[in-house]
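Notes to accompany the following structure.
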Amino acid sequence: MQQQSSVQRKALIASLIGSSIEWFDFFLYGTAAALVFNKLFFVNEDPLVALMLSYLSFGIPFFIRPLGGIIFSHIGDKIGRKKTLVLTLSLMGGATVCIGLLPSYETIGILAPILLILLRIIQGLGIGGEWGGALLLAVEYAPKERKGFFGSIPQTGVTIGMLLGTAAISFMTMNIYNNSWIPVALYIVLTCCISLIAIAAVSTKQIAENIQNQDVQA
């Protein structure tokens, strides 16, 4: 009974961490879209048009998320939920880092917003795959009488991710000087991604072993 409770707790923690890091990356872009991306990637004579294009790039992944859920649900059935969780976290974090490294419109022209949109599509696929996996992981290991509560925990990651993303942007805006915000952004994203991916991987190790034991017994 004690071992089962430990597995349930780790499943809950893993799903919360996964959800938090995914939405942290997502909201980090959302805030940056309003502050800097309209000037760096969507250069236009009309500032309002540039801002609208920047917001459009923020909204695109919401339409891609269902496709990510479909793709990674099949991948999860084949390679396991642990590997799929780490894969989606890495996909989302990697795309965010690439966005931080992306040259501006002044450097590479129209290629800058095109590459930005492609990376946003990758982010949409990643968060779509992680979201369904996190919910499944939480509910699957929940006690019968607490499935609703366990299923609500990944949703808490949305709020945590939003707060972390807003805090990161607030820190960066205090250190902006031309493009000096980029190294700060990369440092924050890399530190958070590496730390949380490592914690998620450790938290899901025992869960994966328990899943394998259940499959053998079945």
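A few remarks follow.
- Any hit, the stretch 64-71, residues being in contact with a helix residue (DSSP H, G or I) (Cβ under 7 Å, 6 or more places away or on another chain), of a type in the set (K, R) and within 16 Å of G161 (Cβ to Cβ): yes
- Residue check for G76: surrounded by fewer than 22 Cβ atoms within 10 Å (Cβ to Cβ), part of a helix (DSSP H, G or I) and at pLDDT below 80: no
- Consider the stretch 24-51 and keep the residues that are free of Cβ contacts under 8 Å to residues at least 60 places away in the same chain and not in a helix (DSSP H, G or I). The one that is surrounded by the fewest Cβ atoms within 10 Å (Cβ to Cβ) is E45.
- Only one entry of E145, E140 meets the criterion of being closer than 15 Å to S15 by Cβ, of a type in the set (D, E, K, R) and surrounded by fewer than 18 Cβ atoms within 10 Å (Cβ to Cβ), and that entry is E140.
- Here is the figure for the stretch 95-111: residues that are without any contact (Cβ under 8 Å) to a residue 40 or more places away in the chain and either closer than 21 Å to G18 by Cα or polar (S, T, N, Q) (or both) total 2.
- Residues of the stretch 35-56 classified as within 23 Å of the chain's Cα centre (by Cα) and at pLDDT below 80, total: 2
- Inter-residue pairs, beta-carbon under 7 Å, first β-branched (V, I, T) and in the stretch 112-124, second in a helix (DSSP H, G or I), 6+ apart: I117/S57; I117/I60; I121/I60; I121/P61; I121/I64; I122/L91; I122/A95
- Check on L67, at pLDDT below 85 and among the hydrophobic types (A, V, I, L, M, F, W, C): no
- Residue in the stretch 92-104 that is part of a loop (DSSP other than H, G, I, E, B) and more than 16 Å from I117 (Cβ to Cβ) present: no
- Residue within the stretch 52-59 that is in contact with a Lys or Arg (Cβ under 8 Å, 6 or more places away or on another chain), assigned to a helix (DSSP H, G or I), closer than 28 Å to I110 by Cα and of a type outside the set (F, W, Y) present: yes
- For L137, the stated conditions hold: it is touching a residue at least 60 places away in the same chain (Cβ under 8 Å) and closer than 25 Å to L67 by Cα.
The values are calculated or read from the model by the stated rules, or taken from the named source; none is laboratory data. Since the structure is predicted, the reported quantities are computational estimates derived from the model, not experimental observations. When we count neighbours, we look across all protein chains shown, and the Cβ atoms used for this are built from the backbone with ideal geometry, even at glycine.
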